Amino acid sequence: MAASKSPEQTFHDLTEINGPVSESDLAAVFDQLPPVTAASMLGKWKGGSFDTGHPTHKILDTVAWAGKDFRSEDDVDPIMIWDGQGQRTWLSEYGHARLRDVQFRGIVSVAMIYDKFPIIDQFRRVSDNVVMGAMDNKDLKDSGTYFFYLAKLE
């Protein structure tokens, strides 16, 4: 009998898919990953997106999403983009955010709460330098959960 893959291995396999990914496959992995703390999120993170058909995937691709910058629990740039010169810059239209512990899908973990929008991104640990995120957007509740990931730059 073949050994089953760990959630971390399954996550890595899903990041290698160049095309549509099932939201249910991502949710199954997310639900198995452990919580993270606010302190572990501090720094600059490069973003990666899963294509489940959720409209946020296309929006982030259109704006050239670069990731998120966490300076402190109360000072987060939730949407960093690549500008015309290839530099990371804050997309000011999305405002700032803060980190708080939030229960989502039965687990309490650190979540990023947008200041300007009804959006909460909860994070789960894949490794010391990689987290998986699940975006809960009240305005897009009929679109399901948007899943993404972040890799620490510094």
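Within region 39-72, which residues are of a type outside the set (A, V, I, L, M, F, W, C) and exposed (fewer than 15 other Cβ atoms within 10 Å of the Cβ)? Spell out how you get there, then give the answer.
Within region 39-72, the subset of a type outside the set (A, V, I, L, M, F, W, C) is 40, 43-44, 46-49, 51-58, 61-62, 67-69, 71-72.
Answer for region 39-72, where residues must be of a type outside the set (A, V, I, L, M, F, W, C) and exposed (fewer than 15 other Cβ atoms within 10 Å of the Cβ): Gly43, Asp51, Gly53, Pro55, Lys58, Asp61, Thr62, Arg71, Ser72.
Please determine, by comparing only the residues of region 124-150 that are out of contact with any strand residue (DSSP E or B) (no Cβ under 8 Å at 6 or more places or on another chain) and of a type outside the set (Asp, Glu), which one is surrounded by the most Cβ atoms within 10 Å (Cβ to Cβ).
Gly144
Is it true that some residue in region 44-51 is within 17 Å of Glu93 (Cβ to Cβ) and of a type in the set (Gly, Ala, Ser)?
Within region 44-51, the subset within 17 Å of Glu93 (Cβ to Cβ) is 47.
This time we only want the ones that are of a type in the set (Gly, Ala, Ser), so: 47.
Scanning region 44-51, I find at least one residue that is within 17 Å of Glu93 (Cβ to Cβ) and of a type in the set (Gly, Ala, Ser), so the answer is yes.
Is it fair to say Ala27 is in a helix (DSSP H, G or I), among the aliphatic types (A, V, I, L, M), modelled with pLDDT of 95 or more and loosely packed, with under 13 Cβ neighbours inside 10 Å?
Values: in a helix (DSSP H, G or I): yes; among the aliphatic types (A, V, I, L, M): yes; modelled with pLDDT of 95 or more: yes; loosely packed, with under 13 Cβ neighbours inside 10 Å: no.
Taking the combined requirement at face value, the residue does not satisfy it.
Scanning region 9-24 for residues that are more than 15 Å from the chain's Cα centre (by Cα) and in a helix (DSSP H, G or I), which turns out surrounded by the fewest Cβ atoms within 10 Å (Cβ to Cβ)?
By that ranking, first place goes to Ser24.
Do any residues in region 98-121 that are under 17 Å from Phe148 (Cα atoms) and free of Cβ contacts under 8 Å to residues at least 40 places away in the same chain have Cβ atoms under 8 Å from those of residues that are small (Gly, Ala, Ser) and in a strand (DSSP E or B), where the two are at least six apart or on different chains, and which pairs are they?
Note: pairs meeting the criteria are Phe104/Ala111; Phe104/Ala134; Ile113/Ala97; Tyr114/Ala97; Ile120/Ala111.
How many of the residues making up region 96-133 are farther than 20 Å from Ser72 by Cα and of a type in the set (A, V, I, L, M)? Spell out how you get there, then give the answer.
Taking region 96-133 and keeping what is farther than 20 Å from Ser72 by Cα, we get 103-107, 118, 126-127.
Next cut, of a type in the set (A, V, I, L, M) only: 107, 126.
Looking only at that region, the number is 2.
Do you know which residues across region 80-106 are closer than 21 Å to Val36 by Cβ and touching an Asp or Glu at 6+ places or on another chain (Cβ under 8 Å)? Working first, answer last.
Filtering region 80-106 for residues closer than 21 Å to Val36 by Cβ gives 80, 96-106.
Hits for region 80-106 are Met80, His96, Ala97, Arg98, Leu99, Arg100, Phe104, Arg105, Gly106.
The values are calculated or read from the model by the stated rules, or taken from the named source; none is laboratory data. These numbers come from a predicted model, not from an experiment. Glycine gets a Cβ as well: all are built from the backbone with ideal geometry, and neighbour counts include every protein chain shown.
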